[in-house]
Amino acid sequence: MNDTTKRRIKRILVCEAIVIILTILACVVLVVLAVGKKEYITYDKVLTYLENGQIKEIQAYQDSNIVTVIMKDEGEKSAVISSLDELTSLVSEKIKNGSDIKFEIEDNTTIELTRAILILMIIGVVVWAISYAIIKVLSGIKAGIKNVINKEDDEIKPVKSKTTFNDIAGIDEEKEQVKEVVEFLIHPKMYEKMGARIPKGILLNGDPGTGKTLLAKAIAGEAKVPFIQKNGSSFEERLVGVGASRIRKLFEKAKEIAPCIIFIDELDSIAQKRYNSKSDNEQTLNQLLAEMDGFDSKDNIIVIAATNHIEVLDQAILRPGRFDRQIFVPRPDVKARESILKIHARNKKFANDVSLKGIAKKTVGFTGADLENILNEAAIYAVNQKRDCISISDIDEAIARVTIGLEKRNAAFTEEDRYLTAVHESGHACRPTAAQPVRR
Ligand code: ADP
């Protein structure tokens, strides 16, 4: 049950409780007012008052042994009598003897009827309130479950990607590897004729921010096909079977709008090794495998997934016919960083002291996303400093800010990682020649 359903049910129950409490309170108040008004006296007292001539009027009711006694001093009392016949004959005798006492026997059917109707109404209100609450709670639960299951309908929104390969820099080899997929999406017949089997799934593996999503979007943008993006975690749901149902709907939608690209980010959240994962995730993963086996290249759907934890993925996902093409997207080296900076510098104004090459050298281990972030932060800082272009001091400030963020994020960056990065970067160093001596 999701939070909205829980909140709705809570609200209904609170309203129902208020209705019931108010009804009971109203009844209690009515009874107290009706009973509390009158003082009860004994039958003997009635006879004494009668004897003393203190009574002005007696109101009796058919089939009831309760009478109302109105005193000459205007006080009103109630009394329980032992016999109406006996009281009637006593009062008649008094009247005969000249007493001015008024004696009335009323038909109490109307009172009885009113009382019965009132009781029935109270029971009716209470039963209605309880059953209304039960119906609402049950329909709330049903609607909640339906909402959860249908949520994916709203979330499957194919978009037109405007990203192209020109928006990506520094991962040329990886771009080359996916270019044939674009060709396939544009000219599927050509490949079919040749009997070529184009991969159904491409798995992009690399650290966050290295451009995996960008690459997937660029494939869709270049091939001009719709792009459906889903995050692996969006298939996770506490209700068993909902994740699998979402996968089914995702593929149904993809088949409807094919040719298209399905992009599943953070694949590891659903495709972990099965002994590792929760039972619902297992169902979701099985459904994903079944769907990938179920369509063929004629369907013109390419599933691209991204992960930064390839080691935890279930091997079944990597079999041929599923994510059989794996592309590692590395952190950019110094050259790649410079070309990524060039892309993100396109719409920014820089002072003469800024060299993108220099920034690239200072940003070892940074991803494309970090570099984009640095230029953005620098631009914000320059505006705050009331400068009309980005200077090197803005860049340094931005690097410092981003680095602090990175240090927090990469607290688990091991010595081994640092060593590998150092070895990788040293590969870009120039071999010393007579013209270019080693700088000490
Ligand atoms: P990932 O999917 O690997 O986490 P993204 O593709 O979402 O990373 O990258 C986030 C942002 O970082 C992109 O929108 C882009 O602005 C920038 N970026 C990352 N890699 C590159 C790259 N190789 N070239 C240009 N920009 C990049």
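Quick one: length gained pulling Arg7 to Ala422 fully straight, 0.36 nm per residue minus the C-alpha distance? Residue separation times 0.36 nm, minus the Cα-Cα distance, leaves 144.0 nm.
At a probe radius of 1.4 angstrom, the accessible area of the chain per residue rounds to 58 square angstrom. The figure for Glu222 is an accessible area of roughly 60 square angstrom, using a 1.4 Å probe on the protein chains alone. Pairs with C-alpha atoms separated by more than 25 Å, drawn from the list Lys10/Lys249; Lys212/Lys335; Lys212/Lys253; Lys217/Lys386; Lys162/Lys230; Lys142/Lys273, are Lys10/Lys249; Lys217/Lys386; Lys142/Lys273. Estimated translational diffusion coefficient (Stokes-Einstein, Kirkwood radius over Cα pairs, 20 °C, 1.002 mPa s) of the chain: 72 µm² per second. The 1.4 Å probe gives accessible areas that order Met292, Met121, largest first, as Met121, Met292. Counting only protein heavy atoms and using a 1.4 Å probe, the accessible area of Ser339 comes to about 40 Å².
Once the C-beta distance of Ile380 and Lys357 is scaled by a Förster radius of 30 Å, the resulting FRET efficiency is 0.85 to the nearest 0.05. If you sort Val178, Val32 by accessible surface, 1.4 Å probe, largest first, the order is Val32, Val178. The calculated FRET efficiency for Glu51 paired with Leu84, based on their beta-carbon distance and R0 = 25 Å, is about 0.85.
Full extension of the chain between Ile95 and Leu22 yields a length gain of 21.5 nm, computed as 0.36 nm times the residue separation minus the alpha carbon distance. Each residue of segment 89-100 is assigned a 3J(HN,Hα), and the resulting list reads 5, 5, 5, 4, 4, 4, 4, 4, 7, x, 6, 8 Hz, derived from the Karplus form 6.51 cos²θ - 1.76 cosθ + 1.60 (θ = phi - 60°), x at Gly and Pro.
The share of accessible area on segment 1-114 that comes from carbon and sulfur is 59 percent, using a 1.4 angstrom probe. Solvent-accessible surface (1.4 Å probe) assigned to Ser131 amounts to roughly 50 Å². Taking a straight line from the alpha carbon of Lys136, these aspartates and glutamates sit under 13 Å away, with near neighbours fewer than eight places off in the same chain left out: Glu16. Remark: accessible surface ordering of Arg387, Arg246, Arg331 (largest first) is Arg387, Arg331, Arg246, probe radius 1.4 Å. Reported to the nearest whole Å, the Cα centre-to-centre distance from segment 34-101 to segment 173-208 is 105.
Between Tyr191 and Ile123, the modelled label-to-label distance comes to 7.4 nm, taking each label 7 Å out from Cα in the direction of the beta carbon. In this simple spin-label model, placing a label point 7 Å from the Cα along the Cα-to-Cβ direction at both Glu311 and Ile404 gives a separation of 3.2 nm.
The values are calculated or read from the model by the stated rules, or taken from the named source; none is laboratory data. As the structure is a computational prediction, the values presented were derived from the model and not from experiment. Neighbour counts run over all protein chains shown; Cβ positions are idealised from the backbone, glycine included. Just so you know, the surface numbers come from the protein's heavy atoms only, side chains and all, with ligands and any DNA or RNA stripped out. Shrake-Rupley method; radii C 1.70, N 1.55, O 1.52, S 1.80 Å.
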